[in-house]
Amino acid sequence: LDILERLAERLCIYNANYDHKPGCLRGTQTHVLQDIDTWISNVPSTDSIYWLSGVAGSGKSTIASTVVRSMKEKKEDEKNRSLLGAVYFCRRNVTMPEHVVPAIAYRLACSFPPLRARIINAIRDCPDITGSPISTQFSSLLVRPLSGLNDLDFGKSLVIVIDALDECGSRDTRK
C-alpha cells in the first residue's frame, strides 16, 4: 500500500464523504447561496474563509450540499475560477477531530497531482501525523503544501467545504 492508502485506512475517511443529501429546494436560501457563490467567484481577492453559522436545523448542511453539488456541476466550465478541492461532512459521535485535517489533505492529494508529492513528503516527515496536535497537522499537511504552490499549478482557487465541524468527537470533546 502506498502512503496515502495507509493514511486513508487509519482515518476511515470514507465515512465523511459528500453523500448527495437533498439540496435546497428551488427558490429557498437564495440570499445565502448567492452570497457564497459571490465569495467563491472572488476567493483570491477576498477573505479566504467563508464561515456559515446558524442554529441547529437552520439548513447549514443542506446549503453545504447545494454548494458542493453546484461546484461539481460547474467543474468543467472554463470560466469557473474555483475548483472544489475537498469535501468533509462530519458526523456526530463518529468523526474524530484529529482526523479532519489529514482526511482533507488525503482528498487534496488524491485529486490534485501538484499537491500529492508535497503531502506525501509531509507524512514521511511525520509518520504519526494523525496523532499530532491539530495545529501541527494543519501546518504540515495543508498550510506548507498549499503555500508551495503557485497560480500555474491550478490556475484556479481551491474551495474546501467542511460541514458540521462542531459535531466532531464525543459529547465531552465538543464542550
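Some observations on this one:
- Whole-number percent relative contact order across region 96-137, with pairs defined as alpha carbons under 8 Å at least 6 apart: 48
- Proximal aspartates and glutamates relative to residue 72, as straight alpha-carbon distance under 15 Å, when same-chain residues fewer than 8 apart are discounted: 19, 37
- Placing dummy labels 7 Å off each Cα toward the beta-carbon, the span from residue 147 to residue 166 is 3.0 nm.
- Projected label points at residue 48 and residue 93, each 7 Å from Cα along the beta carbon direction, are separated by 3.7 nanometres.
- Potential extension, residue 83-residue 34 segment - 0.36 nm per residue separation minus Cα distance: 15.9 nm
- Extension gain, residue 25-residue 126: 0.36 nm per intervening residue step, less the Cα-Cα distance, totals 31.9 nm.
Coordinate-derived values only; no laboratory data. Keep in mind it's a predicted model, so treat the numbers as computed, not measured. So basically every Cβ, Gly included, is an ideal-geometry build from the backbone, and we count neighbours across all protein chains shown.
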